[in-house]
Structure formats: structure tokens, C-alpha cells
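**Student:** Submitted below is the structure of interest, expressed as C-alpha cells.
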Amino acid sequence: MSEPAFLQHTRTSYDTIAATYAEWIRPELAARPLDRALLGVFAELVRQGGTAPVADIGCGPGRVSAHLDGLGVPVFGVDLSPGMVAQARKQYPALRFTEGSMTALDIEDGVLGGVLAWYSIIHVPDAELPKVFAEFHRVLAPGGYLQLAFQAGDEVLHLREAKGHEVALDFRRRHPDRVAEALAEAGLAVRTRTVREPETTGDFPESTPQAYLLAVKPAGTAPG
């Protein structure tokens, strides 16, 4: 079976901009105190659950993986783009980063204490989202947590240029309530829903509200 076009376009686009993007995005988290606070809550919950690792799915150049590592979380990164994985390994050589797709993770059933998908479901078409959430459910241990971040809204932004390079990326904004429903259908119980208004000033201006959902795989769930 051939690979879906959205995976091909996403991989190629991020390979193209990997070095430029990695340099640009590196200080972004330092400018987002609420984002850091939400990641801190996720990290604390995962640590309370034991020593099972966290997978940062769609990790890009590894900056959020490194942040979680600094919070004492055993973490590794997975990204579709070999170029992004190379950047992550270069910038954070002490951490593990591998290539992979969130639609078919090369991770055993029920072994993760947490999954982080920080602005990485935004390129996934609606029809593929149930498959992705089923994969997140499969790899989480019972009691494990999932943290999502994405732009809130209805529209799809078609990006054909980024950082001076030609790309083919679709950014899908989604309503938190609809994403929460899809998580519930996958067997993941939403614990918190946070939406903040866009930051319109500074080096990383935003044009849409930002959404964050924290969900858990119920403790009584069978592994996988």
C-alpha cells in the first residue's frame, strides 16, 4: 500500500526547512510561560505514575523533548522527517530521537507513561485522526497521560512557502470539543481543556487561539 500523500508532503516539507526551522524555533518555549506551565503539569503527572518513558511524537528539532528531560521525565522523540531527527540529534545528543509516523508507531503496546503531541496532529487529515488516537491509546500504559497542543478554529491553512523554502503543508485548526470527542471514542478520557488567546506581539506572533487537551488512558484499561 502506498504512503498517504499528506505524510509524503509533510516529511518532504520539514526536511526542506529543518535547519532553518530548528534555529528559528529554539527560543520559542522560553517566550511561552503558560505553555511551560502546562508541560510542567504533564511532567508531574507522568512522574507520579512511575518510570515509564514518554514519547514526544512529532518532536521536530527536539526542543520540547529537551524541556521535559530537564523536568526529570524519561523522554524520547519520534518524528516523520529525517531532517528534523538529524537536527534534534545534533542539538540534544544525550537524548534519543527516531524516525517514525504517528499513524503506525514502532512502539510496543502499553509501555509508555505519557505521549506528547505538541502541535503535531495539525497536519493530520480529519479522516486519519481516529487512527492516530488509536495508536496513542495502544502505546500508553493504563494510567498513562496524553498531552495535545494545536491551533483552535475551523479553517485549514495551506502553506506553500516557509522560511524562504517551497513547502506543501496543511495546518488544520480544530475545535477542542470535537478533538475531545475523538479522544473519548479512542478510549482516552479528557482531564483538562485549556484555550488561550493568541499572542500577537514578540518574536513568535500567533493568529489563532491555542488549544491544549490533557487526557488519560483509564487505569482499568487492558494494555494495548
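The values are calculated or read from the model by the stated rules, or taken from the named source; none is laboratory data. Small disclaimer: the values here were computed from a predicted structure and weren't measured. Note: ideal-geometry Cβ built from the backbone for every residue, glycine included; neighbour counts use all protein chains shown.
**Student:** What residue, of Arg191, Arg172, is charged (D, E, K, R) and within 19 Å of Phe42 (Cβ to Cβ)?
**Tutor:** Arg191
Results for (1) part of a helix (DSSP H, G or I); (2) surrounded by 16 or more Cβ atoms within 10 Å (Cβ to Cβ), shown as yes or no for each residue.
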{"residue": "Tyr21", "(1), (2)": "yes, yes"}
{"residue": "Asp35", "(1), (2)": "yes, yes"}
{"residue": "Val41", "(1), (2)": "yes, yes"}
{"residue": "Leu45", "(1), (2)": "yes, yes"}
{"residue": "Thr51", "(1), (2)": "no, no"}
{"residue": "Ala55", "(1), (2)": "no, yes"}
{"residue": "Ser65", "(1), (2)": "yes, yes"}
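**Student:** Scan region 79-94 residue by residue and report those that are farther than 18 Å from Trp118 by Cβ and more than 18 Å from the chain's Cα centre (by Cα).
**Tutor:** The answer is Lys90, Pro93, Ala94.
**Student:** Among the numbered conditions (1) in contact with a Leu (Cβ under 8 Å, 6 or more places away or on another chain); (2) closer than 20 Å to Leu214 by Cα, tell me where Ser13 comes up short.
**Tutor:** Every condition holds for Ser13 apart from (2).
**Student:** Cβ-Cβ distance below 7 Å, separation of 6 or more or different chains: which pairs start in region 162-173 with a residue that is touching a residue at least 60 places away in the same chain (Cβ under 8 Å) and end on one that is outside any loop (DSSP other than H, G, I, E, B) and among the charged types (D, E, K, R)?
**Tutor:** That search, which allows pairs on different chains as well, returns Glu166/Arg160; Val167/Arg160; Val167/Glu161; Ala168/Arg160.
**Student:** Please go through region 1-58 and pick out each residue that is more than 16 Å from the chain's Cα centre (by Cα), more than 30 Å from Ala219 (Cα to Cα) and among the polar types (S, T, N, Q).
**Tutor:** Result: Ser2, Gln8, Thr12, Ser13, Thr16, Thr20.
**Student:** Failed condition for Phe6, given (1) assigned to a helix (DSSP H, G or I); (2) at pLDDT below 95; (3) surrounded by fewer than 16 Cβ atoms within 10 Å (Cβ to Cβ); (4) hydrophobic (A, V, I, L, M, F, W, C), with all others met?
**Tutor:** Unmet condition: (3).
**Student:** Please go through (1) under 20 Å from Gln210 (Cα atoms); (2) without any contact (Cβ under 8 Å) to a residue 60 or more places away in the chain; (3) not hydrophobic (A, V, I, L, M, F, W, C) for Glu135 and return the number of the only condition it doesn't satisfy.
**Tutor:** Looking at each condition in turn, Glu135 falls short on (1).
**Student:** Scan the strands (runs of 3 or more DSSP E) fully inside region 149-224 and keep the ones with 3 or more residues being touching a helix residue (DSSP H, G or I) at 6+ places or on another chain (Cβ under 8 Å) and more than 18 Å from Leu38 (Cα to Cα).
**Tutor:** Output list reads 165-172.
**Student:** Take Asp69 and decide whether it is in a loop (DSSP other than H, G, I, E, B), of a type in the set (Asp, Glu) and within 17 Å of the chain's Cα centre (by Cα).
**Tutor:** Spelling it out, it is not the case that Asp69 is in a loop (DSSP other than H, G, I, E, B), of a type in the set (Asp, Glu) and within 17 Å of the chain's Cα centre (by Cα).
**Student:** Okay, next question. How about region 107-118: which of its residues are surrounded by fewer than 23 Cβ atoms within 10 Å (Cβ to Cβ) and either touching a residue at least 40 places away in the same chain (Cβ under 8 Å) or among the hydroxyl-bearing types (Ser, Thr, Tyr) (or both)?
**Tutor:** Ile107, Asp109, Gly110, Val111
**Student:** May I pose another question? Would you confirm, using the coordinates I've provided, whether Ala30 is of a type in the set (Gly, Ala, Ser) and over 23 Å from Pro198 (Cα atoms)?
**Tutor:** no
Quick grid of which residues meet (1) at pLDDT below 95; (2) loosely packed, with under 15 Cβ neighbours inside 10 Å; (3) over 14 Å from the mean Cα position of the chain (by Cα):
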position: Leu105; (1), (2), (3): no, no, no
position: Ser120; (1), (2), (3): no, no, no
position: Pro130; (1), (2), (3): no, yes, yes
position: His137; (1), (2), (3): no, no, yes
position: Phe171; (1), (2), (3): yes, no, no
